[in-house]
Each structure stands twice: as C-alpha cells, then as structure tokens.
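Participant: I have a structure I would like to understand better, so I am pasting it below and will then ask my questions one at a time.
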Amino acid sequence: MRTNEVVDKTGLSKDTLRYYEKIGLVSPNRDNYARDYTQSDLERLEHIQFLKKLNYSLQEIQQFVTLDDQFEDAQAIENMTLVEQNEILELLSNRIQLSEEKITELESNLKRLKLMKQRVESLSPKE
C-alpha cells in the first residue's frame, strides 16, 4: 500500500512515516521514489503508535523493533552469544516490569474514573 493509504489508516503524517523510515523503525519497499508498505509494516506502525501511547520513547521503541526483527529469525537467536542472550533477557524483563507498572497505573486510573462516574450519576437528578 502506498504512503497515502498508510496515512489514512494510521493517522500518521507523511513526515512521521519518513522519519520512522530514516531511523529504521519501518522499511517499506521502494518503487522508484514511491514507498510501498506491506501489511507487516502497517501492523508495526500500529504497534509503534500503541507503545507511544504508553509513553515509551522512540529509543525504547527501537529496541522493541530490533527484538521483534531478531525473533523473526530463529537462526539469529541461536547464533547469539550467551552475553547477548542475557542482555536480551534483561531488556525483556525490564520491559515486562515497565508494562506491568503501566497496566497497574491504567487499572488504578480506570477504577478512579468509574468511581467518579458513579458519584456523578448518583448525584444527578433522575428524569
């Protein structure tokens, strides 16, 4: 799919797509000057947007993308040194902990919002 279709589907600007390409977050196929995005690229962009909503930095997102790419290739994982495997395990453990903290924060916020809604509903005049 071409850039305009991706812009329509994701809501990202063309400049953002070009920047993501420049820093290696996505790698659309090139047909002369036109970019051709795959379904996989679209899914990656949606995942990037999700991570951005959770306040991950682009540097952290790049780490996720790098890990995703490595896990696509089982041979690459098998060829890693023990030190590299331990670094990835530590990074994943950190990401899991951060994700769990964000989930806890979101659950707490959701609970608070529901309580506020209940209070307003209980005080609202009945029709």
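The values are calculated or read from the model by the stated rules, or taken from the named source; none is laboratory data. Fair warning: this is a prediction, and the values are worked out from it, not measured in the lab. Cβ atoms come from the backbone with ideal geometry, glycine included; neighbour counts cover every protein chain shown.
Participant: Just need a number here: residues in the range 44-56 that are surrounded by fewer than 13 Cβ atoms within 10 Å (Cβ to Cβ) and not in a helix (DSSP H, G or I).
Facilitator: Number satisfying all stated conditions: 1.
Residue by residue, here is whether (1) surrounded by 10 or more Cβ atoms within 10 Å (Cβ to Cβ); (2) touching a residue at least 12 places away in the same chain (Cβ under 8 Å) holds:
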{"residue": "LEU58", "(1), (2)": "yes, yes"}
{"residue": "PHE64", "(1), (2)": "yes, yes"}
{"residue": "ASP69", "(1), (2)": "yes, no"}
{"residue": "GLN75", "(1), (2)": "no, no"}
{"residue": "GLN97", "(1), (2)": "yes, no"}
{"residue": "GLU107", "(1), (2)": "yes, no"}
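Participant: If you don't mind, another one. Could you pull out the residue among GLU60, GLU21 that is within 26 Å of ILE96 (Cα to Cα) and in a helix (DSSP H, G or I)?
Facilitator: GLU60
Participant: Another question about this same structure. If you check MET116 against the conditions, is it of a type outside the set (Asp, Glu), in a loop (DSSP other than H, G, I, E, B) and either surrounded by 13 or more Cβ atoms within 10 Å (Cβ to Cβ) or at pLDDT 85 or above (or both)? Show your work before the answer.
Facilitator: Working: of a type outside the set (Asp, Glu): yes; in a loop (DSSP other than H, G, I, E, B): no; either surrounded by 13 or more Cβ atoms within 10 Å (Cβ to Cβ) or at pLDDT 85 or above (or both): yes.
No; evaluated as a whole, the condition is false for this residue.
Participant: Now for a different question. Within the set of pairs 6+ apart or on separate chains, which have a first residue in the range 32-55 that is in contact (Cβ under 8 Å) with a residue 24 or more places away in the chain and under 13 Å from LEU12 (Cα atoms), a second that is part of a helix (DSSP H, G or I) and not small (Gly, Ala, Ser), and C-beta atoms under 6 Å apart?
Facilitator: Going by the 6 Å Cβ cut-off, the qualifying pairs are LEU45/THR10; ILE48/ILE61.
Participant: Follow-up question, since we're still on this one. For THR16, indicate whether it is touching a helix residue (DSSP H, G or I) at 6+ places or on another chain (Cβ under 7 Å), β-branched (Val, Ile, Thr) and at pLDDT 90 or above.
Facilitator: On the way: touching a helix residue (DSSP H, G or I) at 6+ places or on another chain (Cβ under 7 Å): no; β-branched (Val, Ile, Thr): yes; at pLDDT 90 or above: yes.
The answer is no for THR16.
Participant: Follow-up question, since we're still on this one. In this structure, is THR104 within 14 Å of GLY24 (Cα to Cα) and assigned to a helix (DSSP H, G or I)? Please lay out each step first, then the result.
Facilitator: Details: within 14 Å of GLY24 (Cα to Cα): no; assigned to a helix (DSSP H, G or I): yes.
Spelling it out, it is not the case that THR104 is within 14 Å of GLY24 (Cα to Cα) and assigned to a helix (DSSP H, G or I).
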